[in-house]
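**Q** There's a structure below that I have some questions on.
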Amino acid sequence: MNVIFMGTPDFAVPVLEAIKEAGHNVRLVVTQPDKPKGRGKKVACSPVKEWALHQNIPVYQPERIRNPEAIEMITTIPADVCVVAAFGQILPREILDHPRYGCVNVHASLLPKYRGAAPIQWAILNGDEYTGVTTMQMGPGLDDGDILLQARVDIAPDETGGSLFDKLSHIGADLLVETLAGLAQGIIIPRPQDEKKASHVGMIRKDMGKLDFTVPAATLERHVRGLYPWPGTYTYLAGKSLKVYRASYISEEDLSGKGNAAVGEVIDTDQDGEGSIAVRCQNGALALHEIQLEGKKRMSVSDFLNGHPIEEGTILG
């Protein structure tokens, strides 16, 4: 097939690679404009653009996909299908109707659950046991098109936003190739989403990373995993930022008589083995295992405590 591809982040790259490896002809790659990144605000291109340039595939970066010049440019490219993977803009009707097989989206959830921008992180934040990938026929709304194929993926107990992101991107790539083959053979029957089961999730914000010990410890443990590697989670120790990279949940029953401690209070520091700093929460405690104090390197709590002893009763946050 002749393919127009639209995508921006790392998630989209395996999908793009799989399209090319399956023998399809990628005529054009559409991605978001270059943006300043990092502390130095150096302008950087998207992972999708970087890959396309290495493959000598034409790249187009419109500010708004709905602008008349963008619509005209894209619809002049002959295409059997437009594949969309985490592009970041809603497509206008002119583009949706342009290719022979329409526009196919690779979405990282089992639609109609988790329509929106950050389904991977929210699946972990909400404590789901499984999630998956959906290929769908795009419509004019947000992730509301007909379902083509789906693949379910179990969420591991130690799953992070980053590990699930990588896992789903490769599963999505295989599912997309299977979808394109099925469309060409006419064996895929699109099925409408059940609007009664639809749910929407918003974007992940940087300020979501601050740990609030007034909520249950199990919820905070999922936040540490779900928001890793970005935006990451943190609290404060003696007025300094303390990033938390890895943590575990201690149930209320396992607090060993320390359930009367104040929320945010350090109730135990264990240097045996890996080491941990247990912090009282509304329900249970959060045991910190890997941290980074402002101005210091990332390290295990065991190493941290060797140079920075913390007394029980210290308040974090």
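**Q** So K297 fits all but one of (1) surrounded by fewer than 19 Cβ atoms within 10 Å (Cβ to Cβ); (2) modelled with pLDDT under 95; (3) farther than 17 Å from K210 by Cα; what number is the exception?
**A** Condition not satisfied by K297: (2).
**Q** Assuming G127 fulfils every condition listed in (1) surrounded by fewer than 19 Cβ atoms within 10 Å (Cβ to Cβ); (2) assigned to a helix (DSSP H, G or I) apart from one, which condition is it?
**A** G127 satisfies every listed condition except (2).
Listed here are the residues, each with its yes/no results for (1) of a type in the set (A, V, I, L, M); (2) closer than 27 Å to S163 by Cβ; (3) outside the structural domain of F87 (by TED's automatic domain parsing).
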residue	(1), (2), (3)
P9	no, yes, no
V13	yes, yes, no
E17	no, yes, no
V26	yes, no, no
V29	yes, yes, no
P36	no, no, no
V43	yes, no, no
P47	no, yes, no
W51	no, yes, no
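**Q** Taking the residues in the stretch 13-32 that are part of a loop (DSSP other than H, G, I, E, B), under 23 Å from H107 (Cβ atoms) and not aliphatic (A, V, I, L, M) as candidates, determine which candidate is modelled with the lowest pLDDT.
**A** First pass over the stretch 13-32, keeping only residues part of a loop (DSSP other than H, G, I, E, B): 22-24, 31-32.
Retained after the next criterion (residues that are under 23 Å from H107 (Cβ atoms)): 22, 24, 31-32.
Then drop every residue that is not not aliphatic (A, V, I, L, M), which leaves 24, 31-32.
Working: H24: 98, T31: 96, Q32: 93.
Across the stretch 13-32, the extreme among qualifying residues is Q32.
**Q** Would you say L255 is crowded, with 16+ Cβ neighbours inside 10 Å, of a type in the set (A, V, I, L, M, F, W, C) and under 25 Å from T269 (Cα atoms)?
**A** Numbers: crowded, with 16+ Cβ neighbours inside 10 Å: yes; of a type in the set (A, V, I, L, M, F, W, C): yes; under 25 Å from T269 (Cα atoms): yes.
Yes, satisfied.
Each row is one residue, and each column tells you yes or no for (1) closer than 30 Å to H98 by Cα; (2) within 11 Å of the chain's Cα centre (by Cα); (3) outside the structural domain of Y249 (by TED's automatic domain parsing); (4) surrounded by fewer than 20 Cβ atoms within 10 Å (Cβ to Cβ).
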residue: L110; (1), (2), (3), (4): yes, no, yes, no
residue: A117; (1), (2), (3), (4): yes, yes, yes, yes
residue: D146; (1), (2), (3), (4): yes, no, yes, yes
residue: V153; (1), (2), (3), (4): no, no, yes, yes
residue: L168; (1), (2), (3), (4): yes, yes, yes, no
residue: I171; (1), (2), (3), (4): yes, no, yes, yes
residue: L176; (1), (2), (3), (4): yes, no, yes, no
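**Q** Might you let me know whether the stretch 155-165 holds any residue that is under 19 Å from the mean Cα position of the chain (by Cα) and in a strand (DSSP E or B)?
**A** No, every residue in the stretch 155-165 fails to be under 19 Å from the mean Cα position of the chain (by Cα) and in a strand (DSSP E or B).
**Q** So, one more: Kindly indicate the residue of the stretch 72-94 that is under 20 Å from T134 (Cα atoms) and among the small types (G, A, S) and also surrounded by the most Cβ atoms within 10 Å (Cβ to Cβ) among those meeting that condition.
**A** That would be A85.
**Q** Could you tell me whether the stretch 205-221 includes any residue that is at pLDDT below 95 and part of a helix (DSSP H, G or I)?
**A** yes
**Q** Of all residues in the stretch 71-106, how many are over 19 Å from I187 (Cα atoms) and touching an Asp or Glu at 6+ places or on another chain (Cβ under 8 Å)?
**A** Adding up the residues that qualify gives 2.
**Q** Right, here's the next one. Restricting attention to the stretch 211-233, which residues are aromatic (F, W, Y) and either in contact with a Gly (Cβ under 6 Å, 6 or more places away or on another chain) or crowded, with 24+ Cβ neighbours inside 10 Å (or both)?
**A** Initial filter on the stretch 211-233 (aromatic (F, W, Y)): 213, 228, 230.
Result: F213, Y228.
**Q** What are the pairs with Cβ atoms under 9 angstrom where one residue, in the stretch 185-214, is without any contact (Cβ under 8 Å) to a residue 24 or more places away in the chain and the other, located anywhere, is of a type in the set (A, V, I, L, M)? Sequence gap at least six, or different chains.
**A** Close Cβ pairs satisfying both conditions: I187/A181; I189/L148; M208/L125; M208/L227.
**Q** Which members of the stretch 128-147 meet the condition of being under 11 Å from Q193 (Cα atoms) and either without any contact (Cβ under 8 Å) to a residue 24 or more places away in the chain or among the acidic types (D, E) (or both)?
**A** Listed by number, the residues that qualify are D143, D144, D146.
**Q** Keeping to the stretch 178-195, report how many residues are closer than 14 Å to L110 by Cα and surrounded by 17 or more Cβ atoms within 10 Å (Cβ to Cβ).
**A** Final tally of qualifying residues: 1.
**Q** Just wondering, is there one or more residues in the stretch 104-116 that are part of a helix (DSSP H, G or I) and either in contact (Cβ under 8 Å) with a residue 24 or more places away in the chain or among the β-branched types (V, I, T) (or both)?
**A** No, the stretch 104-116 contains no residue that is part of a helix (DSSP H, G or I) and either in contact (Cβ under 8 Å) with a residue 24 or more places away in the chain or among the β-branched types (V, I, T) (or both).
**Q** Something else now. Looking at the stretch 60-71, which of its residues are in contact with a Lys or Arg (Cβ under 8 Å, 6 or more places away or on another chain) and surrounded by fewer than 17 Cβ atoms within 10 Å (Cβ to Cβ)?
**A** If the condition is that a residue be in contact with a Lys or Arg (Cβ under 8 Å, 6 or more places away or on another chain) and surrounded by fewer than 17 Cβ atoms within 10 Å (Cβ to Cβ), then Q61 is the only one that fits.
The values are calculated or read from the model by the stated rules, or taken from the named source; none is laboratory data. All values reported here derive from a predicted model rather than from experimental measurement. FYI the Cβ positions are ideal-geometry reconstructions off the backbone, even for glycines, and counts take in every protein chain you see.
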